[in-house]
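The structure under discussion appears below in the form of structure tokens.
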Amino acid sequence: MNTFNFFNTLFPIFCLLLSLFHVPCEAQLSFTFYDRTCPNATAIIRASILRAISRERRMAASLIRLHFHDCFVQGCDASILLDETSTIQSEKTAFPNVNSVRGYQVIEAAKREVERVCPGVVSCADILTLAARDASVAVGGPSWNVKLGRRDSTTASRSQANTDLPSPFAGVDALISSFANKGLSARDMVALSGAHTIGQAQCFLFRSRINSNGTDIDARFASIRRRQCPQTGGDANLAPLDLVTPNSFDNNYFKNLMQRKGLLQSDQVLFSGGSTDSIVSEYSRNPRVFASDFGNAMIKMGEIQPLVRRNGIIRRTCSAIN
Ligand code: HEM
Ligand SMILES: *[C@@H]1O[C@H](CO)[C@@H](O)[C@H](O)[C@H]1NC(C)=O
Ligand SMILES: *[C@@H]1O[C@H](CO)[C@@H](O)[C@H](O)[C@H]1NC(C)=O
């Protein structure tokens, strides 16, 4: 019996039988998905991702964010990688992504290397998911086991990218509900925000905060940030999301928040007298709990609405449907 017959014919019947006994049948993704069809896929992808990160360390941050922005729009289906065509409204030009999301060509390069060895087998959605895990490990962050078998979309949604990706100006309740919409808890949201322990943000996204002179920002921190982020101009000037260790994955992000040194408004609201304060304080005291919660939340995020079997395709290049 080949796998095609099993998945398309017997598997649904198998599921139906299980469901008669109220056993859920969601075994769509698996740890061994490419073991027979492309056994070296994960090694090839890891090597390719590590090469990109050794060229530019920030790429680790960019790849983790790319996976997040994929999964929050139509699920983890590599929809973010599709270019504009007459029928596709690319997500690349949605407000949260344009001139901001990076790493497209790194995924494309990894895909090319896998295609050389096993053409038409490994999805771009799985490559994005593996890349995020490999990126975390590369900069000292936690590792986790990735289930595979996601397939790629034939569609993208710029409008959903505009509505479903959270805003850096959001309050804590809006952040909680935007993650709840994707099946993620408030605790998952705080853990995942800990990805801001690495990477950079552009001036125009935190300018209002550093000029607010409010009580939720450390005055000295604000004044240092204003030097590289003037009231007018310098919109794209970068500042580290974690001012202490911007290139390594640790829990300093949470310690910063407790000192009112979060860069984005959406960072600081996680510790500003609201319901998530206790989680921030726990992660700031206990890096192991943060690392373990982060890994588990990345697994959950990586399994948002995957396209499996005939619901998706394997793209030949990640930027276009075949
Ligand atoms: C909680 C809601 C979130 C908001 C409002 C938010 C917003 C932002 C913004 C505005 C930037 C800077 C973009 C730029 O300057 O061009 C950024 C960067 C980043 N975000 Fe988030 N983010 C959130 C959650 C997450 C999550 C869940 C992850 C991943 C698990 C993540 C990973 C990153 C990373 C790694 C960077 C740095 C990217 C780089 O340097 O290229 N963020 N985020
Ligand atoms: C698998 O891929 C890695 C990374 O490219 C390579 O070093 C290794 O030799 C490959 N192994 C096999 C069995 O092809
Ligand atoms: C905050 O303080 C800075 C520096 O003193 C000043 O330039 C700015 O106008 C103030 N902003 C507001 C909103 O009061």
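Below is a table of values for the structure above.
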quantity	calculated
Members of the range 233-289 found to be outside any loop (DSSP other than H, G, I, E, B), surrounded by 17 or more Cβ atoms within 10 Å (Cβ to Cβ) and of a type in the set (A, V, I, L, M), listed by number	239, 257, 269, 270, 279, 280
Yes/no for residue 175 being open to solvent by less than 40 Å² (accessible area, probe 1.4 Å) and part of a helix (DSSP H, G or I)	yes
Unmet requirement for residue 160, which otherwise passes all of (1) under 23 Å from residue 236 (Cβ atoms); (2) assigned to a helix (DSSP H, G or I)	(1)
Verdict on residue 19 being at pLDDT below 95 and not hydrophobic (A, V, I, L, M, F, W, C)	yes
Scan of the range 89-120 for residues that are within 16 Å of ligand 2 (Cβ to nearest atom) and assigned to a loop (DSSP other than H, G, I, E, B), ordered by number	118, 119
Scan of the range 40-53 for residues that are in contact (Cβ under 8 Å) with a residue 40 or more places away in the chain, of a type outside the set (A, V, I, L, M) and open to solvent by 20 Å² or more (accessible area, probe 1.4 Å), ordered by number	40, 42, 46
Lone unmet requirement of (1) closer than 22 Å to residue 293 by Cβ; (2) out of contact with any Leu (no Cβ under 8 Å at 6 or more places or on another chain) for residue 128	(2)
The range 65-100, residues that are charged (D, E, K, R) and within 16 Å of residue 315 (Cα to Cα)	70, 77, 83, 84
Total residues in the range 100-135, condition surrounded by 24 or more Cβ atoms within 10 Å (Cβ to Cβ), out of contact with any strand residue (DSSP E or B) (no Cβ under 6 Å at 6 or more places or on another chain) and hydroxyl-bearing (Ser, Thr, Tyr)	1
Cβ pairs under 6 Å, 6+ apart, first in the range 206-219 and in the same structural domain as residue 265 (by TED's automatic domain parsing), second more than 16 Å from ligand 2 (Cβ to nearest atom) and open to solvent by less than 60 Å² (accessible area, probe 1.4 Å)	206/263; 206/264; 207/229; 209/265; 210/222; 210/225; 216/268; 218/261
Some residue of the range 157-172 being closer than 21 Å to residue 316 by Cα and crowded, with 17+ Cβ neighbours inside 10 Å	yes
In the range 207-221, the residues that are more than 28 Å from the chain's Cα centre (by Cα) and hydrophobic (A, V, I, L, M, F, W, C)	219
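The values are calculated or read from the model by the stated rules, or taken from the named source; none is laboratory data. Being a predicted model, the structure only gives us computed values, none of them experimental. Positions of Cβ are generated from backbone atoms using ideal geometry, with glycine treated the same way; all protein chains shown enter the neighbour counts. Protein only, heavy atoms only, side chains kept; ligands, DNA and RNA dropped before computing areas. Shrake-Rupley method; radii C 1.70, N 1.55, O 1.52, S 1.80 Å.
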